[in-house]
């Protein structure tokens, strides 16, 4: 930074080369604000402390001018304030106008205002008795007075010029810049330098050109250093992105979505990832899993350019899609499902690979159970990259078994049995079921095998249908015919009169004569 300031100082010294060369001409406007050249005045012989101009003064017609003189410049005329004045002559017309001196005692000044009608004027009479040389003629009214300033001849260097480069990130304050410039009086003594005007702020100036006017004064002679301050920005924008961006092939991201994962900062401008420009792209056209990249570029208002290549990996993280029912229903009396039966209902397809995949059973809580309940089976399918899909299905084993009756043996007398008709057997069935707490309805004899074999020995069935809990069921009565020599009698044994599933068994034992 020290070398930087030294370079600035050298630059300032090299640029102290004054104003453009001027040629003497009465038609030239003054180099500074003062039109009154005291060396152009001479005292009028025989007049009491009055002066006149030697050469005419070039002015702008119809413009208000003010002459301000220190009380020490008018001397004895201070006593005649309000009655003594100046006579101004328009050279082209020869007309004159008289302006009385007006007093500003608090500031020890006298003044008058006038408006010329042509380009050249003469002071025919100007009251002066100088003890000092503080006098000025300027454009404007007395209210516009700033200070006395010595008239600057055409050959006088009044303005100096310099240029100072300034890094935006290392800006000097306005005071620090002012201190880079020094001024000395004709005797080599350092004098004060002040900031007369400046468009340069004390800090946070944006890149661009600014002007600072420095002024120094020696005996009312003011000279200015006009400094061109050029703030520049050499810092590139900063692009920040993840080391690698992983994009599932099943969920491809657009360029704008990838930009949203990136941040952009700049020391001057407000930039965002939306300002990024793609200069190279192998990602957008990719259709397979693999490594690709996008190169982004951005520039700030000072044309500082930054670029960054962002690696993008297209990945397959999704397993095959298993299709099939989430639940399978089977009755307890049905043939249990094998694993092959179950797997035949399902398919698996890997979208990324574009092929069907094998399904395996990883966990089987069903294992061909016939006991009513709900059982879980875990299905799994794996693709070539090891991505797994798990599907849990439920096997519902539904209880569809009718009631099973059980009871102690009941024996009917031979006479009673021999006298029972089909309807009496049906009524007897109703009665025995009701005694066991089973309410049946619509009982019918479906098939009577015994009826045609009553005189033969052996075992025969009587099949009966009935409704229980709104479902049709079937029962059968077993008839055993035994050969005996005793008086014939018929025994009806009844067993299994309790509700279990689908069949009821009755055994009737009959002895042959």
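The values are calculated or read from the model by the stated rules, or taken from the named source; none is laboratory data. Just so it is clear, the model here is predicted, and its values are computed rather than measured. As a convention, Cβ positions derive from the backbone with ideal geometry for all residues, glycine included, and neighbour counts pool all protein chains shown.
Being outside any strand (DSSP E or B), surrounded by 12 or more Cβ atoms within 10 Å (Cβ to Cβ) and at pLDDT below 60 is a description that does not apply to residue 425. Within segment 256-275, can one find any residue that is part of a strand (DSSP E or B) and in contact with a helix residue (DSSP H, G or I) (Cβ under 6 Å, 6 or more places away or on another chain)? Yes: one or more hits. Among the residues of segment 441-474, those identified as touching a helix residue (DSSP H, G or I) at 6+ places or on another chain (Cβ under 8 Å) and at pLDDT below 80 are 448, 460, 462. Residues in segment 211-253 that are under 18 Å from residue 294 (Cβ atoms) and not in a loop (DSSP other than H, G, I, E, B): 238, 239, 240, 245, 246, 247, 248, 249, 251. Number of residues in segment 176-190 that are outside any loop (DSSP other than H, G, I, E, B), surrounded by fewer than 12 Cβ atoms within 10 Å (Cβ to Cβ) and touching a strand residue (DSSP E or B) at 6+ places or on another chain (Cβ under 8 Å) equals 2. In segment 32-47, the qualifying residues are those that are in a loop (DSSP other than H, G, I, E, B) and touching a strand residue (DSSP E or B) at 6+ places or on another chain (Cβ under 9 Å), and the one that is surrounded by the fewest Cβ atoms within 10 Å (Cβ to Cβ) is 47. Considering every residue within segment 76-89, establish whether at least one is surrounded by 11 or more Cβ atoms within 10 Å (Cβ to Cβ) and in a loop (DSSP other than H, G, I, E, B). No: segment 76-89 contains no residue that is surrounded by 11 or more Cβ atoms within 10 Å (Cβ to Cβ) and in a loop (DSSP other than H, G, I, E, B).
When the residues of segment 316-343 are narrowed to those that are surrounded by fewer than 17 Cβ atoms within 10 Å (Cβ to Cβ) and closer than 30 Å to residue 285 by Cβ, which ends up modelled with the lowest pLDDT? It comes out as 317.
One residue stands out in segment 133-175 among those that are in a loop (DSSP other than H, G, I, E, B) and within 54 Å of the chain's Cα centre (by Cα): the one that is farthest from residue 237 (Cα to Cα), namely 173. Within segment 273-295, the set of residues being more than 17 Å from residue 309 (Cα to Cα) and surrounded by 14 or more Cβ atoms within 10 Å (Cβ to Cβ) comprises just one member, 289.
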